[in-house]
Amino acid sequence: MPPPAASANEQASFSPSESDTPSTVHWLTLLLLFASGIALRMEALARKPFWSDECFSVEIAWIDWRNFLHLMWWREAHMSLYYVLLGIWLHFGHSEFFIRSLSVLFTAATLPAIYWLARMLYERRVALIAAVLFAFNAYSVRYSQEARSYALFVLLATLSSGFLIAWLREPSRRNRMSYVVVSVLAVYAHFYALLLMVAHWLVFHRLVFRWLGRPRQNTSELDTARSAQMRRAWITIGIAVLPLLIFVAMTGAGPIRWVPRPGVHDVLEFFEHLAGGTSWSLATIYAVAWIAAVVPLREHVVARDQSWETRRRQFLLVWLFFPVVLTVVLSFARPVFLARYLIFCLPALVILVAAGLARIRQPWFLGTILTCILLLSLQGILFAYDHDFDTERDAAGAASDFILDQTQTGDAVIFYIPATRLPYEYFRSLRAGENTASPHFTAQLGPEILFPRHGTGLDYRDFTGKPTADFLRAAPSGHPRVWVMLMNNQPVRGHDPTTAMLTQIFSESFPKVQRWQFPRVEVRLYSKQ
């Protein structure tokens with residue numbers, strides 16, 4: 001039986017008016033925005049140093065399938081889709097510029113996706129403004145220039161929301177299955193996409209109203225049929241992402257146990273950065289604009305009214321704020337709020353702001369506001385070319401090159417934590433001109449690796465674990481000099497237990513120690529003479 005058609009009122013709300021018919025200027029403007037967005041993200045693409053998180057991505061993408069599957073199940077399932085795509089991408093090039101360009105490609109696809117979604121929610125004028133805001137958003141530029149999953153995550157979150165709206169417009173099997181497939185891919189791109197799925201559920205299953213104690217009244221046959229279809233879609237999504245759900249249940253917050261507990265300043269700073277500015281000037285303009293978009297709701301923002309006008313604003317508001325609020329609340333028990341994990345809220349922000357700006361009917365006034373936004377956004381983009389918004393980039397590459405430059409015959413190296421070996425392997429492979437993650441790699445470049453080491457190449461066991469006291473006493477005995485590479489080991493209240501143990505044991509066997517400090521990385525050289 002085919003799904004029910006949209007009601008007459010809903011069909012009218014989705015039909016473009018004559019004034020909304022796109023002109024040649026409109027399409028040329030959109031094409032110019034697309035080209036500008038790509039150019040801004042390709043500019044200075046390799047200026048910032050390749051850091052440990054990016055090296056982590058490359059090394060995972062390079063390992064063989066047996067070790068890859070073990071690693072996904074053990075430790076790193078939450079970005080598995082990106083690692084698979086990056087592994088394919090690496091067959092065509094290995095430079096830092098080329099590796100990062102995959103994220104630019106994802107962002108380039110996101111711009112028309114945002115236009116498409118905004119057009120379904122509002123008119124073309126809003127869609128064009130949303131495309132402008134996204135094309136010049138510095139937060140998007142920053143994460144489209146990194147070899148991590150965030151750009152892919154934003155793309156799939158946008159498409160997931162778009163296919164959901166498309167299904168509401170035209171409740172066909174094709175739209176529903178497209179929503180299911182893209183949503184599953186989004187979860188495998190980053191498991192925080194589960195928050196977006198819950199946001200969709202809250203809006204279109206009206207659980208918000210149940211929590212407020214308000215009964216569901218006047219439920220139409222159309223709504224009942226769509227709710228049943230949505231439940232079936234959710235069951236399908238749940239089955240498809242079951243391996244990832246099991247992974248989350250088994251590991252809990254283990255993979256993100258390093259995330260600090262957020263404060264009010266962290267949440268406010270997130271929205272400041274999400275707007276793409278380096279100060280509150282741009283964020284303030286954004287705040288005024290999205291409030292203007294919400295004001296027409298007034299008391300209807302949490303009402304039982306299920307008109308299209310209400311639904312679309314509820315949809316964007318829940319998408320923007322629910323993931324932030326939930327992660328902050330959960331962080332009272334276990335910190336899970338991390339700004340870059342919530343980047344998928346960006347499309348909701350730019351569409352809401354665009355809807356608010358589109359209410360300005362004086363062309364000169366709208367042009368003035370957009371000019372101010374673009375100037376502040378360009379300031380943020382120039383900042384993003386050389387800096388990071390919400391983290392400090394480590395100098396793992398410089399530290400690795402230093403060890404490789406200074407090593408002597410008979411030297412060995414120990415990595416404080418397994419993840420520290422990954423940037424070393426990446427930069428060592430650049431020097432060797434070979435793929436060190438390959439099981440056939442046998443050439444030795446640099447000091448002998450003592451820990452972590454389970455074979456000639458990277459093994460899934462090399463991504464986790466800590467050296468024991470007995471190992472630290474026995475393993476370096478046959479080497480006159482031992483390098484130690486430590487990362488993120490300088491907490492405010494002294495060294496962690498592993499660093500303290502290593503320092504004590506090595507001081508007994510190696511009377512001489514030299515230290516070099518790099519940003520977030522410390523290199524030590526223990527020697528017997």
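The values are calculated or read from the model by the stated rules, or taken from the named source; none is laboratory data. Remember, it's a predicted structure, so these values are computed and weren't measured experimentally. Backbone-built Cβ (ideal geometry, glycine too); neighbour counts: all protein chains shown. We work out accessible area using only protein heavy atoms, side chains counted, and drop any ligands, DNA or RNA first. Shrake-Rupley method; radii C 1.70, N 1.55, O 1.52, S 1.80 Å.
As for region 417-424, it holds no residue that is under 30 Å from Pro452 (Cβ atoms), open to solvent by 20 Å² or more (accessible area, probe 1.4 Å), in a loop (DSSP other than H, G, I, E, B) and not β-branched (Val, Ile, Thr).
Please verify whether region 393-405 includes one or more residues that are charged (D, E, K, R), over 15 Å from Trp51 (Cα atoms), in a loop (DSSP other than H, G, I, E, B) and open to solvent by less than 30 Å² (accessible area, probe 1.4 Å). There is no residue in region 393-405 that is charged (D, E, K, R), over 15 Å from Trp51 (Cα atoms), in a loop (DSSP other than H, G, I, E, B) and open to solvent by less than 30 Å² (accessible area, probe 1.4 Å).
The single residue among Gly410, Gly455 that is without any contact (Cβ under 8 Å) to a residue 40 or more places away in the chain and not aliphatic (A, V, I, L, M) turns out to be Gly455.
One line per residue, one yes/no per condition, for (1) free of Cβ contacts under 8 Å to residues at least 40 places away in the same chain; (2) more than 22 Å from Phe163 (Cα to Cα); (3) in contact with a helix residue (DSSP H, G or I) (Cβ under 8 Å, 6 or more places away or on another chain); (4) of a type in the set (Val, Ile, Thr):
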| residue | (1), (2), (3), (4) |
| --- | --- |
| Leu86 | no, yes, yes, no |
| Trp89 | yes, yes, yes, no |
| Ile114 | no, no, yes, yes |
| Ala118 | no, no, yes, no |
| Leu121 | no, no, yes, no |
| Ala138 | no, yes, yes, no |
| Tyr143 | no, yes, yes, no |
| Ser149 | no, no, yes, no |
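Which of the following residues is modelled with pLDDT under 75 and not in a helix (DSSP H, G or I): Arg226, Arg216, Arg210? Just one listed residue meets the conditions, Arg216.
Looking at region 406-416 only, could you name the residues that are assigned to a loop (DSSP other than H, G, I, E, B) and either surrounded by fewer than 22 Cβ atoms within 10 Å (Cβ to Cβ) or aliphatic (A, V, I, L, M) (or both)? Full working, then the answer.
Step one: of region 406-416, the residues assigned to a loop (DSSP other than H, G, I, E, B) are 407-411, 416.
Answer for region 406-416, where residues must be assigned to a loop (DSSP other than H, G, I, E, B) and either surrounded by fewer than 22 Cβ atoms within 10 Å (Cβ to Cβ) or aliphatic (A, V, I, L, M) (or both): Thr407, Gln408, Thr409, Gly410, Asp411.
Just one residue in the set Arg100, Arg66 is within 20 Å of Glu425 (Cβ to Cβ), at pLDDT 95 or above and assigned to a helix (DSSP H, G or I); that residue is Arg100.
Only one of the listed residues (Ile381, Ile373, Ile343) is over 25 Å from Leu121 (Cα atoms), among the β-branched types (Val, Ile, Thr), open to solvent by less than 20 Å² (accessible area, probe 1.4 Å) and touching a residue at least 60 places away in the same chain (Cβ under 8 Å). That residue is Ile381.
Looking across Val154, Val84, Val104, one residue alone is buried (at least 24 other Cβ atoms within 10 Å of the Cβ) and aliphatic (A, V, I, L, M). It is Val154.
Taken residue by residue, region 366-377 has no member that is modelled with pLDDT under 90 and either touching a Cys at 6+ places or on another chain (Cβ under 6 Å) or not β-branched (Val, Ile, Thr) (or both).
Ser161: among the hydroxyl-bearing types (Ser, Thr, Tyr) and surrounded by 24 or more Cβ atoms within 10 Å (Cβ to Cβ), yes or no? First the steps, then the outcome.
Values: among the hydroxyl-bearing types (Ser, Thr, Tyr): yes; surrounded by 24 or more Cβ atoms within 10 Å (Cβ to Cβ): yes.
When the stated conditions are applied, Ser161 passes them.
Residues to consider are Trp73, Trp89; find the one that is modelled with pLDDT under 90, more than 16 Å from the chain's Cα centre (by Cα) and assigned to a helix (DSSP H, G or I). After applying the criteria, what remains is Trp73.
Within the bounds of region 442-465, is there any residue that is modelled with pLDDT of 85 or more, open to solvent by 40 Å² or more (accessible area, probe 1.4 Å) and assigned to a helix (DSSP H, G or I)? There is no residue in region 442-465 that is modelled with pLDDT of 85 or more, open to solvent by 40 Å² or more (accessible area, probe 1.4 Å) and assigned to a helix (DSSP H, G or I).
For region 471-514, name all the residues that are assigned to a loop (DSSP other than H, G, I, E, B) and modelled with pLDDT under 85.
Here is the first cut: in region 471-514, the ones assigned to a loop (DSSP other than H, G, I, E, B) are 479-480, 488-496, 510-511.
Those that are assigned to a loop (DSSP other than H, G, I, E, B) and modelled with pLDDT under 85: Asn488, Asn489, Gln490, Pro491, Val492, Arg493, Gly494, His495, Asp496.
Within the option set Leu155, Leu164, being closer than 19 Å to Leu30 by Cβ and touching a residue at least 24 places away in the same chain (Cβ under 8 Å) holds for one residue only, Leu155. Somewhere in region 337-345, is a residue out of contact with any strand residue (DSSP E or B) (no Cβ under 8 Å at 6 or more places or on another chain), under 16 Å from Val203 (Cα atoms) and not aliphatic (A, V, I, L, M)? The answer is yes, given that some residue of region 337-345 is out of contact with any strand residue (DSSP E or B) (no Cβ under 8 Å at 6 or more places or on another chain), under 16 Å from Val203 (Cα atoms) and not aliphatic (A, V, I, L, M).
Filtering region 497-521 to residues that are closer than 19 Å to Phe402 by Cα, touching a strand residue (DSSP E or B) at 6+ places or on another chain (Cβ under 7 Å) and touching a residue at least 40 places away in the same chain (Cβ under 8 Å) leaves Trp516, Arg520, Val521.
Being open to solvent by 10 Å² or more (accessible area, probe 1.4 Å), in a helix (DSSP H, G or I) and at pLDDT 90 or above: is that true of Leu352 here?
no
Report yes if Val288 is assigned to a helix (DSSP H, G or I), modelled with pLDDT under 90, out of contact with any helix residue (DSSP H, G or I) (no Cβ under 7 Å at 6 or more places or on another chain) and open to solvent by 60 Å² or more (accessible area, probe 1.4 Å), otherwise no. In short, no.
Is it fair to say Arg304 is at pLDDT below 90 and under 30 Å from Ser103 (Cα atoms)? Judged against the criteria, Arg304 is not a match.
Scanning region 114-139 for residues that are in contact with a Ser or Thr (Cβ under 8 Å, 6 or more places away or on another chain) and open to solvent by 10 Å² or more (accessible area, probe 1.4 Å) yields a count of 3.
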